[in-house]
Amino acid sequence: MHEMIVASGVVKRYGDVVALDGLDLVVPEGTVLAVLGPNGAGKTTAVRILTTLLEPDAGNAQVAGIDVCADPAGVRERIGLSGQNAAVDETLTGFENLDMVGRLYRLGRRRSIARARELLDQFDLSDAGDRPVKTYSGGMRRRLDLAAALVAQPTVLFLDEPTTGLDPRSRTGMWDVIRTLVRRGSTVLLTTQYLEEADRLADDIIVIDRGREIAHGTADELKRQVGGERIELVVSQPSQLEAARAALAGVAAGEVVAEDGGRRLTAPVSTGASALMAALRRLDAEGVELLDAGMRRPTLDDVFLTLTGRSTGEDDETDDTAAASRRTAEEAKR
Amino acid sequence: MTSLLHAFADGAVVAKRNLIKIKRVPDLLVFTTLSPIMFVLLFGYVFGSAIAVPGVNYREFLMAGIFCQTVIFGATITGAGLAEDMQKGIIDRFRSLPMSRSAVLVGRTTSDIVNNVIVIVVMSTTGLLIGWRIRTSPLEALGGFLLLLVFAYAISWVMAYIGLLVPSPEVVNNASFIAIFPITFIANTFVPSENFPPVLRTFANWNPVSSATLAARELFGNTSPQFVPPDVWSLQHPVVYTLVWVVIILAVFVPLSIRQYRRAASR
């Protein structure tokens, strides 16, 4: 199997801020790699380096066998990039946007027009194709942006947070589109903040934090690493908390944790739904009244908490300062 | 050779996109033409009532100056447009395509020539209505308009560089306002510069805005034998002096802007 995207030891600094700190990754042909991480983890920087928009300070990377630093033009001919903010022109129509990209790929007039119409069809935008993009919804803009990345039928696709900010329906629609592309043989690197998205789309996941990999594996492997599923329940009477805790401890595979001022209890379990049933039988026998009970599957936040001891939100403030100093450093450099 | 052809072909695609924008969002064009019309009327009638230029009707004298100031302001669209494309991530899309590295800038500056041509047509019409006349041959007048456009084209590349440097289109607009007002006022654009204080007079004499304005004024025939330009080389040879500036500006800012485009990270 060919390796379509390879990065080894990629480092990018903005002044004192290290955006990427020796990132390695490999994406075999026809597979999807999800780069999972919170805001400011370095996901976008990684995509920008692999798509030749940014030069790394150290390390090297090849896309479709071509070195991104030695032959950036060659890489550009083989990739499609759909960025975080839909990079489409609002005053142009959807058709004009795609046709412009087609001309810039030098498809020629007729092929460019035909390809633009074909993509509008494929992305369910034919009705809106001759309307200015400023009349489009967020989901439509993202689809158009993705269509623009596909004009020249690239073999490698980079999708930077393709569903961030979309409503659930548009998100599902986007997932279908991406799955179709992969079935047709595209190699995809996508970044995301959602474990669920990585789980649905990716063959392989790397979790990054502060510019370095902190975990690597399939969705199932990651979930196992996090401790897999948990039982979560909310008691209606705080006085029954101790009884509930004792009942839960009997089935738990680890420590029982109280959250939300003590009324919510969570406990890792190893036997899935049968552990939940066992727990409910014990709670019922003790006469504990519940407001809510269920299985909880791990999210990025859980993965993060387990791997780093921090939740994804805790870094937000420092992220902003990091981003700000990164900008200042960038400007100073120019 | 092929890369040069590609630069032009890709530049034409980008220019076409900018021209569609002029058509669909005419606000920009309306504002860039309204202010010069306002200038023509305000200066022509308010200052015109007090300023006397020997041998020439003030409103005729004024037109070349206003043309020159307006096409320079027109060049700021280049900077503001690029800054906006950077902000919206469109430059990132262009940079991820296998297109010519200079095409975005070539396309942008080219479409802004079209913009300036439209502005010149509107202003000439206004001028003709208030009594401005071309008193030379059509060929000379055409030369005058071409010189103004070429001068503005060079300024476009300065603005392109600034547009790629700053974080937002508003900054381009505000910054260029502060720079362009003094440069276009400390010149012979609106009044003869002979009576300026010495420091300002020296600046005005060597200011390329003065030479471009004087060249246009002479090519339109809006001068008179009584009106003698200052005895400095720049204003004795205004066309040559202006073109020298054009060449210097292009030689410095074309490579500088293209380099900045290559390394510009979107914000």
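Scan B:Val30, B:Val14, B:Val25, B:Val46 and give me the residue that is out of contact with any helix residue (DSSP H, G or I) (no Cβ under 8 Å at 6 or more places or on another chain) and facing another protein chain (nearest Cβ under 10 Å).
The match here is B:Val25.
Restricting attention to region A:125-147, report how many residues are outside any strand (DSSP E or B) and touching a Lys or Arg at 6+ places or on another chain (Cβ under 7 Å). Break it down stepwise before answering.
Our first condition is that a residue be outside any strand (DSSP E or B); within region A:125-147, this holds for A:125-131, A:133-147.
Checking the rest, the ones that are also touching a Lys or Arg at 6+ places or on another chain (Cβ under 7 Å) come to A:125, A:133.
Within region A:125-147, residues that are outside any strand (DSSP E or B) and touching a Lys or Arg at 6+ places or on another chain (Cβ under 7 Å) number 2.
Table: residues versus (1) closer than 16 Å to B:Thr189 by Cα; (2) in contact with a helix residue (DSSP H, G or I) (Cβ under 9 Å, 6 or more places away or on another chain).
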| site | (1), (2) |
| --- | --- |
| B:Leu219 | yes, yes |
| B:Pro225 | no, no |
| B:Pro238 | yes, yes |
| B:Thr242 | yes, yes |
| B:Val246 | no, yes |
| B:Ser257 | no, yes |
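Which is under 21 Å from A:Leu305 (Cα atoms), touching a residue at least 40 places away in the same chain (Cβ under 8 Å) and in contact with a Leu (Cβ under 9 Å, 6 or more places away or on another chain), of A:Ala215, A:Ala243, A:Ala267?
Sole residue among the options that is under 21 Å from A:Leu305 (Cα atoms), touching a residue at least 40 places away in the same chain (Cβ under 8 Å) and in contact with a Leu (Cβ under 9 Å, 6 or more places away or on another chain): A:Ala215.
Does region B:43-65 include one or more residues that are surrounded by fewer than 18 Cβ atoms within 10 Å (Cβ to Cβ), in a helix (DSSP H, G or I) and of a type in the set (A, V, I, L, M, F, W, C)?
yes
Tell me which helices (runs of 4 or more DSSP H) are completely within region B:186-238 and hold 2 or more residues being under 18 Å from B:Glu60 (Cα atoms) and touching a Gly at 6+ places or on another chain (Cβ under 8 Å), or say none if there are none.
Values: elements: B:198-206, B:208-220, B:233-236.
Correct list: B:208-220.
Please tell me if A:Ala324 is within 14 Å of chain B (Cβ to nearest Cβ), loosely packed, with under 12 Cβ neighbours inside 10 Å and either modelled with pLDDT under 55 or in a strand (DSSP E or B) (or both).
Answer is yes for this residue.
Return the only residue of A:Val207, A:Val177, A:Val188 being touching a residue at least 40 places away in the same chain (Cβ under 8 Å), of a type in the set (A, V, I, L, M, F, W, C) and in a helix (DSSP H, G or I).
From the options A:Val207, A:Val177, A:Val188, the qualifying one is A:Val177.
Going by the conditions given, is B:Ile134 at pLDDT below 90, surrounded by fewer than 23 Cβ atoms within 10 Å (Cβ to Cβ), away from every other protein chain (no Cβ under 14 Å) and not in a helix (DSSP H, G or I)?
no
Is it fair to say A:Gly80 is more than 7 Å from every other protein chain (Cβ to nearest Cβ), part of a strand (DSSP E or B), under 24 Å from the mean Cα position of the chain (by Cα) and under 25 Å from B:Lys88 (Cβ atoms)?
Judged against the criteria, A:Gly80 is a match.
Could you list, in sequence order, the residues of region A:197-227 that are on the phi > 0 side of the Ramachandran plot and buried (at least 19 other Cβ atoms within 10 Å of the Cβ)?
Residues satisfying the conditions are A:Arg210, A:Gly211.
Of all residues in region A:104-116, how many are within 9 Å of chain B (Cβ to nearest Cβ) and crowded, with 23+ Cβ neighbours inside 10 Å?
Residues flagged as within 9 Å of chain B (Cβ to nearest Cβ) and crowded, with 23+ Cβ neighbours inside 10 Å within region A:104-116 amount to 1.
Could you list all residues from region A:91-103 that are at the interface with another protein chain (Cβ under 8 Å from one of its Cβ atoms) and over 18 Å from A:Ala152 (Cα atoms)?
Correct list: A:Thr91, A:Leu92.
Could we say that B:Val121 is within 14 Å of chain A (Cβ to nearest Cβ) and in a helix (DSSP H, G or I) here?
When the stated conditions are applied, B:Val121 does not pass them.
Do you know which residues across region B:137-153 are loosely packed, with under 14 Cβ neighbours inside 10 Å and within 21 Å of B:Thr76 (Cβ to Cβ)?
Scanning region B:137-153 gives a single hit, B:Leu146.
Within region A:113-129, track down each residue that is more than 27 Å from the chain's Cα centre (by Cα) and free of Cβ contacts under 8 Å to residues at least 24 places away in the same chain.
The answer is A:Ile113, A:Ala114, A:Arg117, A:Glu118, A:Ser126, A:Asp127.
Across region A:154-196, what is the total count of residues that are over 21 Å from B:Gly89 (Cβ atoms), under 12 Å from the mean Cα position of the chain (by Cα) and surrounded by 24 or more Cβ atoms within 10 Å (Cβ to Cβ)?
Going through region A:154-196 one residue at a time, the tally reaches 1.
Among the aromatic types (Phe, Trp, Tyr) and within 14 Å of another protein chain (Cβ to nearest Cβ): which single residue out of B:Phe94, B:Phe61 fits that description?
On the way: B:Phe61 fails: within 14 Å of another protein chain (Cβ to nearest Cβ).
Going through B:Phe94, B:Phe61 in turn, just one is among the aromatic types (Phe, Trp, Tyr) and within 14 Å of another protein chain (Cβ to nearest Cβ): B:Phe94.
Determine the pairs where a residue that is of a type in the set (Ser, Thr, Tyr), located within region B:219-243, has a partner that is not in a helix (DSSP H, G or I) with Cβ atoms under 8 Å apart, the partner being 6 or more residues away or on another chain.
What qualifies is B:Thr223/B:Gly55; B:Thr223/B:Val56; B:Ser224/B:Pro54; B:Ser224/B:Gly55; B:Ser224/B:Val56.
Which one of these is of a type in the set (Val, Ile, Thr), surrounded by fewer than 21 Cβ atoms within 10 Å (Cβ to Cβ) and more than 14 Å from chain A (Cβ to nearest Cβ): B:Val114, B:Val158, B:Val171?
Within the list B:Val114, B:Val158, B:Val171, the selection yields B:Val114.
The values are calculated or read from the model by the stated rules, or taken from the named source; none is laboratory data. Not measured: the values here are computed from a predicted model. Neighbour counts are summed over all protein chains in view; Cβ atoms, including those assigned to glycine, are modelled from backbone coordinates with ideal geometry.
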